[in-house]
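Inspection log for the structure reproduced underneath, given as structure tokens.
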């Protein structure tokens with residue numbers, strides 16, 4: 001089934017809305033229950049965000065590629081995964097969804113639907129943190145997509161969970177989320193005056209990682225052309241196609257490899273229908 005642009009737009013809107021609701025809502029809940037212990041509040045915020053990311057990427061990935069992030073969308077367009085004509089639609093959906101998600105989180109906790117944040121997050125240390133956080137996020141995405149695409153949802157969530165704690169900014173790494181959090185005067189908020197520099201730095205980090213991996217491991221555009229057509233046309237969507245989402249030019253089936261080794265035909269994978277649908281295909285062995 002091929003999803004049209006309207007379906008993909010709704011997917012990006014809902015996914016980003018749920019992501020921001022998880023970030024803002026868990027921040028509010030954590031702060032209320034932590035009794036003033038900021039570390040406990042941050043831990044609650046981290047766990048909820050990481051868990052939500054896995055669920056949301058797996059849910060909406062087959063439809064739109066589960067970007068939920070303008071930086072990821074721009075990076076995917078640079079790699080020719082999504083047409084540039086669709087980029088504005090994706091980004092508008094992500095930013096709008098993020099704002100709606102923040103508003104819903106406020107309403108769930110009995111707050112006004114929006115409030116400009118007074119949480120100051122300025123200074124070169126936090127700006128550097130956002131560059132590092134976003135560079136790392138895109139590095140994880142591009143690195144895993146080239147070698148172990150099936151683990152991308154879990155790798156992304158694991159990285160964000162860790163980056164909450166090893167970056168001074170708690171790893172926003174997402175312009176849409178940054179905009180939404182500037183409208184939330186809660187634990188997860190960011191002062192609107194600090195948001196623009198965060199966004200610029202996030203985009204810079206995303207571009208740097210994208211260009212680095214295009215040079216470091218330049219196989220994605222070539223491999224992606226040989227993978228069966230995706231539902232969205234996005235490289236990101238290769239992670240989520242059911243049954244065969246790990247297939248690529250470097251994907252083979254373990255039983256097939258063993259049979260071919262026995263027949264003195266090393267390096268040739270099995271192409272039988274039972275192996276293609278049984279989930280036995282794995283990556284990492286050159287065909």
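Okay, here's what the table says:
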quantity: Translational D in µm²/s for region 31-81 (Stokes-Einstein at 10 °C, 1.306 mPa s, Kirkwood Rh from C-alpha pairs); calculated: 122
quantity: Length added when fully stretched, residue 6-residue 148, from 0.36 nm per residue minus Cα-Cα; calculated: 48.2 nm
quantity: Per-selection Kirkwood Rh - region 45-129 (Cα, Å, 1 d.p.); calculated: 15.2
quantity: Packing-based exposure ordering (other Cβ within 10 Å, fewest first) of 134, 89; calculated: 89, 134
quantity: Equivalent ellipsoid, region 115-173 (semi-axes from 5 times Cα gyration tensor eigenvalues, Å); calculated: 26, 12, 9
quantity: Computed over region 5-222: relative contact order in percent, which uses C-alpha pairs under 8 Å that are six or more apart; calculated: 28
quantity: Spin-label model distance (nm) - residue 112 vs residue 84, 7 Å beyond Cα toward Cβ; calculated: 4.2
quantity: Cα-based Rg and Dmax for region 1-109, where Dmax is the largest Cα-Cα distance (Å); calculated: 15.3, 50
quantity: Residue 33-residue 208 FRET efficiency (beta carbon distance; Förster radius 41 Å; 0.05 resolution); calculated: 0.60
quantity: Potential lengthening between residue 40 and residue 59 on full extension [0.36 nm per residue; Cα-Cα distance subtracted]; calculated: 4.0 nm
quantity: Virtual spin-label span in nm between residue 168 and residue 125, 7 Å along Cα→Cβ; calculated: 0.4
quantity: Per-peptide average of other Cβ atoms within 10 Å, ordering 157-165, 11-19 highest first; calculated: 11-19, 157-165
quantity: Descending semi-axes in whole angstrom, ellipsoid equivalent of region 75-213, from the Cα gyration tensor; calculated: 26, 18, 15
quantity: Burial order of peptide ranges 43-50, 199-206, 167-174 (average beta-carbon count within 10 Å, highest first); calculated: 167-174, 199-206, 43-50
quantity: Proxy reagent accessibility, fewest Cβ within 10 Å first, across 86, 2; calculated: 2, 86
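Each value in this text was obtained by applying a stated rule to the coordinates, not by laboratory testing. The structure displayed is predicted, hence computed values, not measured ones. Here the Cβ is made from the backbone with ideal geometry for all residues, glycine too, and neighbour counts use every protein chain on show.
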